[in-house]
Amino acid sequence: MSNINRKKDALNYHAMGRPGKIAVVPTKPHSSQRDLSLAYSPGVAEPCLAIAENNEDAYKYTAKGNLVAVISNGTAVLGLGDIGAQAGKPVMEGKGLLFKIFADIDVFDIELDTKNVDEFVNIVKALEPTFGGVNLEDIKAPECFEIERRLKAEMNIPVMHDDQHGTAIISGAALINACELQGKNIADVKIVVNGAGAAAISCTAMYVAVGASKENIVMLDSKGVIRNDRESLDPTKAEWATNRDIHTLADAVNGADVFIGLSAADVLTPEMLKTMAPKPIVLAMANPNPEIAYELAVDTRDDIIMGTGRSDFPNQVNNVLGFPYIFRGALDVRATAINEEMKIAAVKAIAELAKQPVPEEVNIAYNTNNLRFGIDYVIPKPTDPRLITEVSVAVAKAAIESGVARKVIEDWDAYRDELRKRLGKDDRLVRTMTAKAKSNPKRVVFAEADNYKTLRAAQIVKEEGIAFPILLGNQEKINALIKEYGFELDGVQIIDPQAEIKSDRFEKYADHLYNKRQRRGINKLDSRKLMTNRNYFAASMVEFGEADTLISGLTRNYASTIRPALQVIGAKPGSRVAGMYIMLTSQGPLFFGDTTVNANPNAQELADISVLLDAAVKRFNIKPRLAMLSYSNFGSNDGDISDKVRDAVKILHKEHPEIVADGEIQANFALNKNLLADNFPFSTLNGEPANTLVFPNLESGNIAYKLLQEVGNAEAVGPVLLGMNKPVHVLQLDSSVREIVNMVTIAVVDAIEHEKESQNK
């Protein structure tokens, strides 16, 4: 991606809609005058008086217990340096976003316009009544050490400078596991730490805390090896000074077992790497480019374990594996601090998690079935759903055992359940699907490429490694748009069906269509004419294996888009075709069908559609629970629709008893497990709410998903076509770029599944 496009994208992302990335959302009813009188005056006086009598009641009556302050003065923002408090605000908002999506922790970001340590400390101390915890961020060394030390000593809530401890915790887990895999004792390994900033110093201290020997550690800064005889060493560096007769990085790494990089790109050369001890461990964590490129390192040493800060290579040292869950555990036991015991507990939990069997959804995300503890998997993946339970529980237990917890958890199983339920699976589902697509990108035909949105989406999926775009349309017009908007689509294939008329490929496609449709009113002339249509041409590319899947529908209505795919490719033998929408709600994903294809299915057809939906949802590693919807509950009203749905349920229960489905049932009962259990205890859906809603006809399904999308703040991904012989996906008319990218991701994942099915035949 060019710097120009990256700048445009970043600025547009932060500015679109409501500026910024976080907002405050009411959590209590507020629609009536009574609600408002309870929320504020006069009702608010009662919790105020209760808290005045007992300060701990603030955790009961306010958001304090789930509220973290992300605080910075902007003196060490990412790799940008001292850019000031206000300029650092987007980073702090971003940190707040990560807290929320990974651990359901609310955040206020606070940017302090001061470099004075005393002033900074006093301001943060004064904020203690507001927050359950403080995450310090992007404060330069050495001031960050003093600020954190004083705040931890003077405040009665957890305080952590993530720049220091986050990287230390994650890399500490990686080091423990890497030593085990390489057959080395952590107490004996010789460690070189290149960098002497806050993160490097904290990392080094953590390595010692988990078993490394201080005498075996050499630290370097920009001036070379930190030695005892160097003048004017600040105390934080002096603690790690060596008296060994070494001066350069080349000297230090010679014979070393471990290289820790928290410095700059490309400082570790292949020649230096060759001098390291057998079975070296290299954690090159400079961003965006590591101290030695991953490919170069593994090409230089075939006995290496290599980790970086990047997501596109194995063993990513990513702070998001730690800080959301550390604060989650600390908040849930009302800890007064985040102490060393809690940090070490997090290290051990992360390290141990990597040794456990990997959940299928993580395997699916990375397109493998054998992801397991080894040289390319020494720490868990960020998409691992177990992080919130394993790390948070470990931290909470350590807080209790070390005496800093004000609340004791006695039922740990219940706590684990609570943690699992904190997060809806909407974003996780998208992240998982994206990771899976990136692991095995496919050729995607964009049938409407002479459009800004299409080209923008094509650039994104190309840059992100999700897909290999193929652009259909007028080549001159497409190239003009690429030039006008500065899209980076070099090397992407552009095909104009109109210019293909005399090609062998065109003849092959037209003959195929004629042979399939000659008894359905299409002659040879018609087939040639139709093949100049981009949707017919795109479908033919997929049919003949010249592309893996196609995307269309941005500028044409649904019927005219799907018809070519049905005529050229068609349904799987013995199957029908149905449409499904994935609705990403605050309570997790819901799957809707049929929303786009079958206008008024009969009972048997409705049962067939349900079977398709059940199989589709399982592909997302989610256990489907189907509610067959109607205006009636289990025979409470007779009518054509309720009778049809009731019959469909009978067919399902008889022919597919393994499918969890029930009805006919109203939507509120299907989605409210308590309501269902109280009124219909016999239902096979009892236990958990339905996650897959089967509508009695197309109009009800279509209306429902569009209402939820517009007024329920749900994100719609779809329509996903089910039952096609090859993967084809149709966009909503006038979809956004984000929606197109989501659908391309789904299309790639679908193509991966089709490929697996064909290989297994």
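Taken together, the values in this text are just the output of simple stated rules run on the coordinates, not laboratory data. Every value quoted in this text rests on a predicted model; they were computed, and no experiment measured them. Every residue, glycine as well, gets a Cβ built from its backbone with ideal geometry; the counts of neighbours run over all protein chains shown.
Helix 340-353 and the longest principal axis of the C-alpha atoms of the chain enclose an angle of approximately 40°.
Less than 5 angstrom separates the built amide H of Val445 from those of Ile470, Asp548, Thr549, Leu550, Ile551, all sequence-distant by 5 or more or on a different chain. Enclosing the Cα atoms of region 165-317 in their convex hull gives a volume equal to 96 cubic angstrom per residue.
Take the Cα radius of gyration of region 386-542 and divide it by 2.2 N^0.38 Å, N being the number of residues; the result is 1.75.
Of all DSSP beta bridges confined to the chain, the antiparallel ones make up roughly 25%. Ranked for footprinting exposure by Cβ neighbours inside 10 Å, fewest first, Arg576, Arg6 give Arg6, Arg576. Put a dot 7 Å past the Cα of Ser232, heading toward its Cβ, do the same for Leu675, and the two dots end up 7.2 nm apart. Dividing the convex hull volume of the alpha-carbon atoms in region 45-157 by its residue count gives 110 Å³ per residue. Using the Cβ atoms and a cut-off under 14 Å, what net charge is assigned to the surroundings of Ile752, where Lys and Arg are +1 and Asp and Glu are -1? Neighbourhood net charge equals +2. Over all pairs of different C-alpha atoms, region 279-353 has a mean inverse distance whose reciprocal, the Kirkwood radius, equals 14.2 Å. Charge tally for Gly211 (other residues, Cβ to Cβ under 12 Å; Lys, Arg +1; Asp, Glu -1): +1. Under a 5 Å amide H cut-off, with hydrogens placed 1.01 Å from N, Ala571 pairs with Asn725 among residues at least 5 apart or on other chains. As a length-normalised measure over Cα pairs under 8 Å and 6 or more apart, the relative contact order of the chain settles at 9 percent.
Between Glu410 and Thr585, the C-beta separation translates, for a Förster distance of 30 Å, into a calculated FRET efficiency of about 0.40. Taking all Cα-Cα distances within region 635-682, those exceeding 13 Å account for 60%. Counting only alpha carbon atoms, the long axis of helix 143-154 and the longest principal axis of the chain meet at about 90°. Over the chain, one equal point on each Cα, no solvent: what is log10 I(q)/I(0) by the Debye formula at q = 0.08, 0.11 Å⁻¹? With no solvent term, the Cα-only Debye profile gives -0.79, -1.30.
Angle of helix 412-422 to the longest C-alpha principal axis of the chain, folded into 0 to 90 degrees and rounded to 10: 60°. By the count of other C-beta atoms within 10 Å, a proxy for reagent exposure, Leu590, Leu38, Leu321 are ordered fewest to most as Leu38, Leu590, Leu321. Residue separation of Arg563 and Leu49 scaled by 0.36 nm, minus their Cα-Cα distance, works out to 178.3 nm of gained length.
Per residue of the chain, the DSSP helices (runs of n ≥ 4 H) give a summed -39500 (n - 2.57) that works out to -13500 deg cm²/dmol at 222 nm.
Summarising the label geometry, the points placed 7 Å from Cα in the beta-carbon direction at Glu753 and His247 lie 6.4 nm from one another.
For region 666-761, the convex hull spanned by the alpha carbon atoms encloses 151 Å³ per residue. In plain terms, the chain from Gln33 to Glu655 could stretch by 218.6 nm, reckoned as 0.36 nm per residue minus the Cα-Cα distance. Its residue count N fixes a reference of 2.2 N^0.38 Å for region 320-423, and the Cα radius of gyration divided by that reference is 1.10. Does region 569-695 come out rounded, prolate or oblate by the C-alpha gyration tensor, with a ≥ b ≥ c the root eigenvalues, rounded set by a/c under 1.5 and, if not, prolate when a/b is larger than b/c and oblate if not? Because a/c hits 1.5 or more and a/b fails to exceed b/c, region 569-695 counts as oblate.
In terms of other Cβ atoms within 10 Å, Tyr509, Tyr13, Tyr294 run from fewest to most in the order Tyr13, Tyr294, Tyr509. Here's how it looks for Ser263: its modeled amide H is under 5 Å from those of Met285, Ala286, which are all 5 or more places away or on a different chain.
Net charge in the neighbourhood of Gln459 (other residues with Cβ under 10 Å of its Cβ; Lys, Arg +1, Asp, Glu -1) is -2. Computed from the Cβ-Cβ distance with R0 of 41 Å, the FRET efficiency linking Asp638 to Lys508 stands at 0.15. With the simple spin-label model, which puts each label point 7 Å out from Cα in the Cβ direction, the Arg18 to Ala153 separation comes to 4.1 nm.
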